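Asker: Supplied in structure tokens, the structure appears directly below.
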Amino acid sequence: MTEQLPDRLAVDPKSPYYNADLVARGVGIRFNGKERFDIEEYCISEGWVRAPVGKSKDRHGNPLLIKLKGTVEAYLPEEK
């Protein structure tokens, strides 16, 4: 089964790019050739990811995010 992943996906339920089914299933992200596990949002066509900056929080208690630009590859991890 080959499923097409969206160009943009976020894990925040308040985002318009949130997809509960994909977030629950899990999506793997390879950023600049390295696998990353802390990505909060990605966009393949624009080539960026948003990742938390340490343990810093904003005034609403959400993690502070930084936008990193580079090569983004999204994939579905294989079921074991």
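The values are calculated or read from the model by the stated rules, or taken from the named source; none is laboratory data. Note that this is a predicted model, so its numbers are computed, not measured. Counting neighbours? That spans all protein chains shown, and the Cβs are built from the backbone with ideal geometry, glycine included. The area values use the complete protein model at the heavy-atom level, side chains included, leaving out ligands, DNA and RNA. Shrake-Rupley method; radii C 1.70, N 1.55, O 1.52, S 1.80 Å.
Asker: For residues in region 40-71 being touching a residue at least 24 places away in the same chain (Cβ under 8 Å) and of a type in the set (Val, Ile, Thr), which is nearest to Tyr18 (Cα to Cα)?
Answerer: Taking the candidates together, the pick is Ile44.
Asker: Among the residues of region 4-58 satisfying the criterion of being of a type in the set (A, V, I, L, M, F, W, C) and open to solvent by 70 Å² or more (accessible area, probe 1.4 Å), which is farthest from Gly70 (Cα to Cα)?
Answerer: Filtering first and then ranking leaves Ala24.
Asker: Okay, moving on. Tell me the strands (runs of 3 or more DSSP E) entirely within region 23-73 that contain at least 2 residues that are farther than 12 Å from Leu9 by Cβ.
Answerer: Passing ranges, in order: 28-31, 34-36, 48-57, 63-69.
Asker: Moving on. Let me spell it out: the conditions are (1) out of contact with any helix residue (DSSP H, G or I) (no Cβ under 9 Å at 6 or more places or on another chain); (2) modelled with pLDDT of 95 or more; (3) not β-branched (Val, Ile, Thr), and Leu9 meets all of them except one. Which number is the exception?
Answerer: Unmet for Leu9, out of (1) out of contact with any helix residue (DSSP H, G or I) (no Cβ under 9 Å at 6 or more places or on another chain); (2) modelled with pLDDT of 95 or more; (3) not β-branched (Val, Ile, Thr): (1).
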